[in-house]
């Protein structure tokens with residue numbers, strides 16, 4: 001005698017009875033086990049997917065604020081855009097993730113201005129400063145002076161946007 | 001010969017739909033941005049050589065001391081007005097009193113009677129960066145051009 005298959009043994013599973021969406025015949029009207037309603041689950045999933053699709057923004061610049069750098073918060077901030085990123089952490093300076101001496105910031109900015117075609121297109125040229133909110137403003141002095149030397153008149157301070 | 005009745009009803013299997021949706025949700029959750037990053041644009045208070053027009057624009061200078069005392073001064077480009085600077089101290093938490101700053105800034109702007117568009121922020125060396133940003137945030141809310149000067153020592157301020 002043939003052994004019953006899995007499907008035959010579990011033909012009355014709660015999921016099995018409702019996994020297919022179709023018209024129900026009168027012969028199947030009496031069920032001994034309660035089924036799971038998954039059509040509402042499909043509705044909820046659809047809404048979630050649509051919300052996440054619209055909520056995922058592809059505009060703006062991705063700023064890699066590493067663990068340990070807490071950006072200050074601001075209410076009236078603009079969306080971040082592409083520019084040279086200058087990070088300050090523990091008295092160390094980084095331009096586009098590359099560690100640099102504070103005396104060489106101006107030269108590096110000048111070099112980037114010449115080589116980076118994207119920066120050339122933006123007028124006026126600008127740099128984005130990423131620093132911890134508890135850092136003393138004194139640490140930004142070399143950046144302000146170097147930016148001025150290199151001809152960068154506009155500075156952008158990276159902040160975490162706060163609701164109004 | 002047995003005749004098998006063919007069902008004409010159409011059934012949709014929802015399990016693959018649920019699987020694909022779960023996959024989409026997992027993917028979108030991993031790439032979703034939950035913290036919105038922004039930026040505050042400030043002008044350099046030094047550098048740029050502008051053509052001289054002979055007339056200095058009216059400006060307001062905001063000095064922030066290490067004790068979080070804030071002094072708001074009006075610089076009259078035409079040297080006609082001499083307004084007393086407005087001063088106020090820190091709040092109970094020892095930080096810059098932003099509410100008082102908003103009030104005093106509005107007071108200075110109305111006292112000047114001019115359309116002041118340029119504000120210069122001069123913090124002292126040890127003032128935290130986050131508090132300076134809060135001051136600039138208030139200025140940006142008033143749609144003013146904000147300039148940031150390099151920080152100075154106590155003796156200069």
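Averaged across the residues of A:41-54, what count of C-beta atoms belonging to other chains lies within 10 Å of each residue's C-beta?
Mean partner shielding for this stretch: 3.
Sort A:36-45, A:104-113 by packing, meaning the average of other beta carbons within 10 Å per residue, with the highest value first.
Going from most to least packed, we get A:104-113, A:36-45.
Taking every residue in B:135-148, how many Cβ atoms of other protein chains lie within 10 Å of its Cβ, on average?
Neighbouring Cβ atoms belonging to other protein chains average 3 per residue here.
Does the stretch B:85-157 come out rounded, prolate or oblate by the C-alpha gyration tensor, with a ≥ b ≥ c the root eigenvalues, rounded set by a/c under 1.5 and, if not, prolate when a/b is larger than b/c and oblate if not?
Note, shape of the stretch B:85-157 comes out prolate.
Could you rank the peptides B:140-153, B:9-22 by their average count of other C-beta atoms within 10 Å per residue, with the highest value first?
The peptides rank, most packed first, as B:140-153, B:9-22.
Using per-residue counts of other Cβ atoms within 10 Å, averaged over each peptide, order B:82-94, A:142-154 from highest down.
For the peptides B:82-94, A:142-154, the packing ranking is A:142-154, B:82-94.
Over all residues in B:14-22, what is the mean tally of Cβ atoms on other chains that come within 10 Å of each residue's Cβ?
4
Please arrange A:161, A:91 by counting, for each residue, the other beta carbons lying within 10 Å of its beta carbon, fewest first.
Arranged by neighbour count, lowest to highest, A:161, A:91 become A:91, A:161.
Which order do A:115, A:73 fall in if you start with the one that has the fewest other Cβ atoms within 10 Å?
Listing A:115, A:73 from fewest to most nearby Cβ atoms yields A:115, A:73.
Please arrange A:138, A:162, B:124, B:99 by counting, for each residue, the other beta carbons lying within 10 Å of its beta carbon, fewest first.
Lowest to highest Cβ neighbour count: B:99, A:162, A:138, B:124.
The numbers here are math on the coordinates, done by the rules we state, and not lab data. In this text the structure is predicted, and so the values were computed from the model without any measurement. Note that each Cβ is placed from the backbone with ideal geometry, even for glycine, and that neighbours are counted across all protein chains shown.
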